[in-house]
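Accompanying notes for the structure given below.
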Amino acid sequence: QVQLVESGGGSVQVGGSLTLSCAASVSSITLAWFRQAPGKEREFVAAASWTGATYYSDFVKGRFTISKDAAKTTASLRMNSLKPEDTAVYYCAADPSRQLYSGGPLLSSFYNYWGQGTQVTVSS
């Protein structure tokens, strides 16, 4: 069983920055962020694999950075140059299986544990 606690959502103006954090009850596992905007499907944002590799969706590359703390229990998502289309509920997800992902841990089906979600609103 993995518990996830998210924090850091909020409202920001276009071009601003926010940092989301996801604290897991288990270390050295794959942690990821997904998001879901109203009327849209949940989509992959970024992941930090248990191997240390990081993955990003094309629409956040160069703007968002995912990292883990030294204890490898918390994944932070630094979001810069925010756009209105980044507005969504952001969910942390965890996969404790330590599997090797072909193509990366991009699919929501890899993750059995999810946080409660945190709202990010970007206004112009």
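Return the carbon/sulfur percentage of the accessible area of the chain, one whole number, probe 1.4 Å, all protein chains in place.
49
Within straight cross-link reach of LYS40, meaning Cα distance under 17 Å, which lysines are found once same-chain residues fewer than 8 apart are removed?
In chain and number order, the partners are LYS83.
Using the Cα centre of the chain as the reference point, and only Cβ charges (+1 on K/R, -1 on D/E), how large is the resulting charge dipole? Debye, rounded to the nearest 20.
Dipole about the Cα centre, nearest 20: 160 debye.
How do the peptides 92-100, 104-112 rank, highest first, by the average count of neighbouring beta carbon atoms within 10 Å per residue?
92-100, 104-112
Return a whole-number percent for the relative contact order of region 1-78, with Cα pairs under 8 Å and 6 or more residues apart as the contact set.
Worked out over region 1-78, it gives 29 percent.
Within the chain, what percent of beta bridges assigned by DSSP are antiparallel, to the nearest 5?
Of all bridge pairs located within the chain, approximately 90 percent are antiparallel.
Using only Cα positions of the chain, each an equal point scatterer, no hydration layer, compute I(q)/I(0) via Debye at q = 0.12, 0.13 Å⁻¹ and quote the log10 values to two decimals.
-0.38, -0.45
Using the Kirkwood formula over every pair of different C-alpha atoms, what hydrodynamic radius in Å results for region 1-66?
Result for region 1-66 stands at 13.4 Å.
Given a 1.4 Å probe, how much area per residue of region 20-124 is accessible, in Å²?
Working: 5020 Å² over 105 residues.
I get 48 Å² per residue for region 20-124.
The values are calculated or read from the model by the stated rules, or taken from the named source; none is laboratory data. For clarity, every value in this text was computed on a predicted model and none was experimentally measured. Because the Cβ atoms are built from the backbone with ideal geometry, glycine has one as well, and the counts that use them run over all protein chains shown. When the accessible area is computed, the model is the full protein with side chains, heavy atoms only, and any ligands, DNA or RNA have been set aside. Shrake-Rupley method; radii C 1.70, N 1.55, O 1.52, S 1.80 Å.
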